[in-house]
Structure formats: C-alpha cells, structure tokens
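The structure appears right after this line, and notes come after that.
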Amino acid sequence: MIESLLVANRGEIARRIIRTAKRLGIRAIAVHSEADAGLPFVTEADEAVCVGPANPAQSYRNVEAILAAAKSTGAQAIHPGYGFLSENADFARTVEASGLIWVGPRADAITAMGDKINARNLMAAAGVPVAPGTTDPAADLDAAVAAAAEIGYPVMVKAAAGGGGMGMGVATDETALRTEYDKVRSFAERMFGDGSVLIERYFPRVRHVEVQILGLADGRVVALGERECSVQRRNQKLVEESPSPAVSPELRERFLAAAVRAGEAVGYRNAGTVECLLDPATNEFFFLEMNTRLQVEHPVTELVYGVDLVEEQLRVAAGLAPTFDPEALAPRGHAIELRINAEDPKRFLPGPGAIKTWVEPTGEGVRVDSGYIEGNTVTPFYDSLMAKLIVSGTTRAEAIERAKAAVAAFDLTGPKNNLPFFAELLGNEEFLSGDYDTGIVSRMR
C-alpha cells in the first residue's frame, strides 16, 4: 500500500481523503492556499504546505508548487480529488514523470474523455448509446445551423471541452441557435482555451442518471450501481440518490453493461463516472460524458454498496486487488446526498461569510462530509460547497424521513445556505413520488 499521500485539493474532499488515508495508516499531506490556512483539512493532515495565495491559479492549480510540496514532504503519491487539476491529463503525466504515483486514471483516458465530441464518437464505436449529434465540431455558425436542421430542434449547444454542466445552452429555433452558438463558443474559449462546439439533440424532459465505475488493477472494469442526479439548478447538481427511483432491474442491467463497455473502450483504471440522460417516456438512455475522477456524490454509492471508494482508488493505484468481490456486488438500502452550499435558497446566488454556528446532525443513517467548522469563513474564492449531508435507510421512504430530520437539526448560521430549499424539496410531492426530472427545481421556483 502507498505509505504517504499528498492531497492536491481543499475543503470537504481533501478532508474526506485524509480521513481514509489516516485510517489506512498512510501519512496524509495537505496543500493549501493562504486563504484556507485555518480550515480543518489543513489541521487534520499529518503535514501541510502552503502553495500560494487565494487565487486557484496560483495555488491549487499551480503544478510547480504542488510538485515542489510533494518533493519536500517525501510524498509517494498524489490524489487530486475533484475539480482543479483532477482531470488535467498533463498534470497526471507530470506527476508520473516525476516518479510519483497518480491516484486516478491514465492520462490517455483523461484526454480521450475530455473532449465531448471525441468521447461521443468513442462511445458510439463501443456500442454505448449516444444522442443524435455532430461527430465533428461545428466549425462556424453556418455549420451549426446545418447540423441543427438535420438533428431537429430543440438542440443543446455544448462546449466540447466543457464539463460539470458548464458551457451549455438550449436553442429551440435558428434565431436562438445563432445567439447560443456565439455565447457558448466565447465562453468555451475563455474558460477552457478551446472554442470547439458540439450540437446535440435536446430532450425537454429528461433524467440525469450516472453509473459509478472502477477500473481494477487487473484490467477489469466493474460498475457499482447508478445514481440519480436530476435535482439541479443551472445544470449543477444539488441532490443525488442511489438507487435511482426511475431505474428498473432490467434498465439497470443495460445501464451497468453500457458503463462497463465505456470504461473498457478506453482501458479505464481507477474511479470514474459514466453520465447519461434518460428519457423517462421511452426508457432510452444516452451517453452524456465520462468524468475521469472521483465524483462529489460518491458517498451515496459507498453507503449502498458498503465500500470506501477512496480506499479502492488507493488500492488500484498501488496495484492491489479490491477489498470486495467484483462478482458479488449488490446494492443494499437507499442513500440520498444533499449538497449544503453557501448560497441563497431561492435564487441560488453565492453568499459567503463567517460561520457563526455550525452544529452537524447526528443519528442512525446520517453522515456529514464537511469542509468547515464553527469559526471558519467561507470565502468567495472557491466553490460554494460547505458540506454534504448524506442519509441512508433500508428504503427510500426511510432515507427521506431521516433527511428531513437531519436538515431540521443542522444548525448553521452566518453564510447564506440552502437548507431551507432542502426542507421544501423533501416535502415536495413530485420528489417524494420519485417521478421527477431535471426541471423539478425550476418548477418549484
């Protein structure tokens, strides 16, 4: 097993990785910005190194500073968490070229899945269902108009290099397409340094369902069930649950088989997620993207399958067998994750600030993965995620009841937060029925 691990991230995910590392007897090393010096992940690590000022480009995305920290602390491996450098193939290559262990998929898999058009084409060739769309970037507006006319409106205009719900727009006709194409292309050039645009069929009523995969050290790819991620605002997830209330046993088999094919198509190793769109009217699903990293919502899979995905990542990176029998994987119970963000619960606009009160809920089936404690300050420099409230039960109904009680018991004051929204959602008839889609939040507002 790896003996020393540098966590190239911050907040709740850094704290969560450190927790598993220390349980396994691995020396945990944190890197942090000047703004994060007082956060729990820094104090809980065995060693911590400041890698720069608050600006992520000068700290958490500063490859030279992170590698220097690894060298000075004698780290054997680097875990990137999610976000920042986690899906940067050049960083993965640099880590390995430096003689360190990269806790993630191979760089060529990250590259292959990082471009949405290339990923779509690879998946189609592997027999994974993809939505009607372009097989090459729409080089200009005329090409986009022609593609949309062939695909049929409405269409989704996507940044080919985008991810995490960023760089997308919907066009219901040619006039809207002309506006969205320029908007998405400009955004993609600014954010990703790549203005390539994909045109794809848009489904007005759709569910977002993803499958957790794990590429093992022996070359096998296994699927650890699906997660429902349809409660979203601005294409960003707020709630995830597993199993999905929309997925029957027969549909689950198809989902998992497709996800395994997707992983095998790129020789996938370590943890990853195959994201899909599900048309609830027809039970057809289509490949959306593959996230070549650990997902924010991985805890719901951990609770339903009884595994520690960070431990499994470390074992794969070390060339070890998993702790579980891949042939005997079976879900048990139900889990729901609520993302507790520092944001207005109505308009979902960021609301950072000093935390005056922070008392986490406890009890059977309640888990909190948090990045903050009382007295910390949520700064405006990073994502607004403060904690993940994860609840589990033997049934979905029991998990929901535990979620209601946990939300009510979470005592949080100071920054704006979305706990009131979750209290509303957990009483919403559409959510309670399980028959909801990605438009549920907009209908609540």
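The values are calculated or read from the model by the stated rules, or taken from the named source; none is laboratory data. This structure is a prediction, so every number in the text was calculated from the model and none was measured. We place every Cβ from the backbone using ideal geometry, glycine too, and count neighbours over all the protein chains shown.
Across the range 247-270, which residue is surrounded by the most Cβ atoms within 10 Å (Cβ to Cβ) among those that are part of a loop (DSSP other than H, G, I, E, B) and without any contact (Cβ under 8 Å) to a residue 40 or more places away in the chain?
Narrowing the range 247-270 to residues part of a loop (DSSP other than H, G, I, E, B): 247-248, 266-269.
Cutting the leftovers down to without any contact (Cβ under 8 Å) to a residue 40 or more places away in the chain gives us 247-248.
Details: VAL247: 23, SER248: 10.
The selected residue is VAL247.
Quick one: which helices (runs of 4 or more DSSP H) lie wholly within the range 81-135 and hold at least 2 residues that are without any contact (Cβ under 8 Å) to a residue 40 or more places away in the chain, in contact with a Lys or Arg (Cβ under 9 Å, 6 or more places away or on another chain) and more than 21 Å from ALA318 (Cα to Cα)? In the range 81-135, there are no helices (runs of 4 or more DSSP H) which contain 2 or more residues that are without any contact (Cβ under 8 Å) to a residue 40 or more places away in the chain, in contact with a Lys or Arg (Cβ under 9 Å, 6 or more places away or on another chain) and more than 21 Å from ALA318 (Cα to Cα).
Quick check on this structure: which one of ALA257, ALA281, ALA265 is assigned by TED's automatic domain parsing to the domain that holds GLY434 and modelled with pLDDT under 95?
Numbers: ALA257 fails: modelled with pLDDT under 95; ALA265 fails: modelled with pLDDT under 95.
Checking each option against the conditions leaves just ALA281.
Restricting the search to the range 297-320, which residues are β-branched (Val, Ile, Thr), surrounded by fewer than 24 Cβ atoms within 10 Å (Cβ to Cβ) and under 18 Å from ILE13 (Cα atoms)? Matches in the range 297-320: VAL307 only.
Go through ALA161, ALA176, ALA171, ALA188 for me and flag whichever is of a type outside the set (Val, Ile, Thr) and touching a Leu at 6+ places or on another chain (Cβ under 8 Å). Walk me through it before giving the result.
Details: ALA161 fails: touching a Leu at 6+ places or on another chain (Cβ under 8 Å); ALA176 fails: touching a Leu at 6+ places or on another chain (Cβ under 8 Å); ALA188 fails: touching a Leu at 6+ places or on another chain (Cβ under 8 Å).
Step by step, each of ALA161, ALA176, ALA171, ALA188 is checked, and only ALA171 is of a type outside the set (Val, Ile, Thr) and touching a Leu at 6+ places or on another chain (Cβ under 8 Å).
Quick check: anything in the range 337-347 touching a Lys or Arg at 6+ places or on another chain (Cβ under 9 Å), free of Cβ contacts under 8 Å to residues at least 60 places away in the same chain and in the same structural domain as ALA423 (by TED's automatic domain parsing)? Scanning the range 337-347, I find at least one residue that is touching a Lys or Arg at 6+ places or on another chain (Cβ under 9 Å), free of Cβ contacts under 8 Å to residues at least 60 places away in the same chain and in the same structural domain as ALA423 (by TED's automatic domain parsing), so the answer is yes. So is VAL51 closer than 23 Å to TRP358 by Cβ and either in contact with a His (Cβ under 9 Å, 6 or more places away or on another chain) or not assigned by TED's automatic domain parsing to the domain that holds ILE390 (or both) or not? Considered against the rule, which asks whether it is closer than 23 Å to TRP358 by Cβ and either in contact with a His (Cβ under 9 Å, 6 or more places away or on another chain) or not assigned by TED's automatic domain parsing to the domain that holds ILE390 (or both), VAL51 comes out as no.
Out of everything in the range 211-246 that is of a type in the set (D, E, K, R) and either not assigned by TED's automatic domain parsing to the domain that holds ARG402 or not in a strand (DSSP E or B) (or both), what residue ends up being farthest from GLY104 (Cα to Cα)? Give the derivation first.
Keep residues of the range 211-246 that are of a type in the set (D, E, K, R), which gives 218, 220, 226-228, 233-234, 237, 240-241.
When the remaining residues are screened for being either not assigned by TED's automatic domain parsing to the domain that holds ARG402 or not in a strand (DSSP E or B) (or both), the result is 218, 220, 234.
Numbers: ASP218: 15, ARG220: 15, ARG234: 28 Å.
Among those that are of a type in the set (D, E, K, R) and either not assigned by TED's automatic domain parsing to the domain that holds ARG402 or not in a strand (DSSP E or B) (or both), it is ARG234.
Counting only residues that are of a type in the set (A, V, I, L, M) and under 18 Å from the mean Cα position of the chain (by Cα), which one in the range 279-292 is farthest from GLY167 (Cα to Cα)?
Residues of the range 279-292 of a type in the set (A, V, I, L, M): 281, 288, 290.
Next, only the ones that are under 18 Å from the mean Cα position of the chain (by Cα) stay: 288, 290.
Numbers: LEU288: 14, MET290: 16 Å.
Of everything passing the filter in the range 279-292, MET290 is farthest from GLY167 (Cα to Cα).
Could you give me the residue pairs with C-beta distances under 7 Å whose first residue belongs to the range 6-32 and is under 16 Å from ILE390 (Cβ atoms), whose second residue is of a type in the set (Asp, Glu) and in a helix (DSSP H, G or I) wherever it lies, and which are 6+ apart or on separate chains? Short answer, once both residue conditions are applied: ARG15/GLU44; THR20/GLU311.
Yes/no per residue for (1) of a type outside the set (Gly, Ala, Ser); (2) farther than 24 Å from SER370 by Cα; (3) assigned by TED's automatic domain parsing to the domain that holds ASN376; (4) without any contact (Cβ under 8 Å) to a residue 24 or more places away in the chain:
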position	(1), (2), (3), (4)
PHE41	yes, no, no, no
ALA45	no, no, no, no
ASN55	yes, no, no, no
ALA65	no, yes, no, no
ALA75	no, yes, no, no
ILE78	yes, no, no, no
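How many of the residues making up the range 293-328 are basic (Lys, Arg) and either outside any helix (DSSP H, G or I) or without any contact (Cβ under 8 Å) to a residue 40 or more places away in the chain (or both)? Qualifying residue count, the range 293-328: 1.
For the range 180-190, check the following and say yes or no: at least one residue is out of contact with any Ser or Thr (no Cβ under 8 Å at 6 or more places or on another chain) and either not in a helix (DSSP H, G or I) or not assigned by TED's automatic domain parsing to the domain that holds PRO137 (or both). No, because not a single residue in the range 180-190 is out of contact with any Ser or Thr (no Cβ under 8 Å at 6 or more places or on another chain) and either not in a helix (DSSP H, G or I) or not assigned by TED's automatic domain parsing to the domain that holds PRO137 (or both). Entry remark, the range 366-376: residues being without any contact (Cβ under 8 Å) to a residue 60 or more places away in the chain and assigned to a strand (DSSP E or B) number 2 in total. For GLY427, the criteria (1) out of contact with any helix residue (DSSP H, G or I) (no Cβ under 6 Å at 6 or more places or on another chain); (2) not in a loop (DSSP other than H, G, I, E, B) hold in every case but one, which is (2). Among the residues of the range 139-148, those that are touching a residue at least 12 places away in the same chain (Cβ under 8 Å) and out of contact with any Ser or Thr (no Cβ under 8 Å at 6 or more places or on another chain) comprise LEU141, ALA144, VAL145, ALA148.
Just to check your reading of the model, which residue among GLY83, GLY114 is on the phi > 0 side of the Ramachandran plot and surrounded by 16 or more Cβ atoms within 10 Å (Cβ to Cβ)? Exactly one residue qualifies, and that residue is GLY83.
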